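Working notes, structure below.
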Amino acid sequence: MRSARKLLPALLCLLAFCASGVSAQSPTLDPVASLRSAKLIYVQSSSALVGSSVIEEKLQKRPEFSQIGMVITRDPDAADLILEVHHDRFTKYVYTAVDRRSKIVVAGGKLSSLGGTVAGKVAKRFLKEVMKARASAPAKT
């Protein structure tokens, strides 16, 4: 009986550990599902000419950003998606949205700085992809 009492806490811990693993969400490998469910966005820019804060501002100014309930975070570990912006060549910029948990690329594109601001174009194109994903029906499992 004494040995059973000593084992009980260990068994309860093991049971709790197993149960938490079963209920925890595994990262999705579906880019559309990632875009559909993302709420927290972390913006990261490696360009000296286009800062993260400018892209954040342009995202927040777009009406669809607040309509779909997205929020900017400054904590990359808390984000659902990481929106990266890189200066490619001359007037070209590349943006990529990556699912933080699965590390898959869920959106991206290349754009020019000619004819408008890079930050504004990134915000518009990224949100267009998010809106398209959210308009599509979820896949049946």
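General observations
- Cα-based Lys proximity count in the stretch 63-141, under 20 Å, for pairs eight or more positions apart or on separate chains: 11
- With both residues required to sit in the stretch 29-135, DSSP beta bridges show an antiparallel share near 65%.
- Leading residue at positive end of dipole, the stretch 29-135 (Cβ point charges), from Ser53, Val105, Phe126: Phe126
- Lys124, Lys58, Lys39 arranged by Cβ crowding within 10 Å, fewest neighbours leading: Lys39, Lys124, Lys58
- Rg of the Cα atoms in the stretch 48-102, relative to 2.2 N^0.38 Å, amounts to 1.23.
FYI, it's all coordinate maths here, none of it is from the lab. No experiment lies behind these values; they were computed from the predicted model shown. Here the Cβ is made from the backbone with ideal geometry for all residues, glycine too, and neighbour counts use every protein chain on show.
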